[in-house]
Structure formats: structure tokens, C-alpha cells
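Shown next, in C-alpha cells, is the structure this report addresses.
No value in this document is a laboratory result; all are computed from the given coordinates. If you're wondering where the values come from, they're calculated on a predicted model, not measured in any experiment. Every residue, glycine as well, gets a Cβ built from its backbone with ideal geometry; the counts of neighbours run over all protein chains shown.
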Amino acid sequence: MDELRTAVQAGLLQPLDDLLPAELVGDLVPSARAAATIDGQLYGLQFQADLDHLAYNTSKMIAPPNSWAGVLQQPGPYVFPAGGQSELVNDGFLMQLLVCAMAF
């Protein structure tokens, strides 16, 4: 997606608007549709995205925070689901830590 605009400007891609069913395009995640739309035309379909996510306890918080700053302003403990089987850390959690460590 980072190079999509450059490829479109170089004339390497054709719009997908007439090739895809309207219901498929309408069902795309808005950020994915926006990332693949250039000058009002859809030129690609995003295969994957890096998304931050948050789960919260509705009995402790009335509305979810809309930013990480909002999360940090809330009082109370933060729980990270890192537990696996036999009191060992979950493999998925370790992979997230590895990816984060590589990013820095």
C-alpha cells in the first residue's frame, strides 16, 4: 500500500472499480478502502493491516477510550493476556514482543 500511489502515477495500474462487486467494496474496512483509493478510484485491496486493539470490562468503564492516552488516564490495573498452558507464556504474546523489539 505504501507504493500504490507511485504505481498509479506511473501508469502501472488500472482502477478496480468496474471489476469488483459493489457489495465487496462496500464491505471493506474503511481504512483499507481509503488506503487503496486514489483520486476517487479503487486501485488495490489491502491484504493485511497492523491494528492496535483494546478490550475493556464494561462493568468498570462506561465507554471505551478512543486513544492510548485515554487508556492511560483511566485508573486501575492493566491486564495483558499473556498466560499460556502450564503457567508458561503464550506463544502469540512472545511473537508480539519480538515484533515490538525488532521495531525499536
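Structure notes:
- Computed from label points 7 Å out along Cα-Cβ, the spacing between Ala63 and Met1 is 2.6 nm.
- 3J(HN,Hα) along region 11-19: x, 8, 10, 10, x, 9, 3, 7, 9 Hz, from the Karplus curve 6.51 cos²θ - 1.76 cosθ + 1.60 with θ = phi - 60°, whole Hz, x for Gly and Pro.
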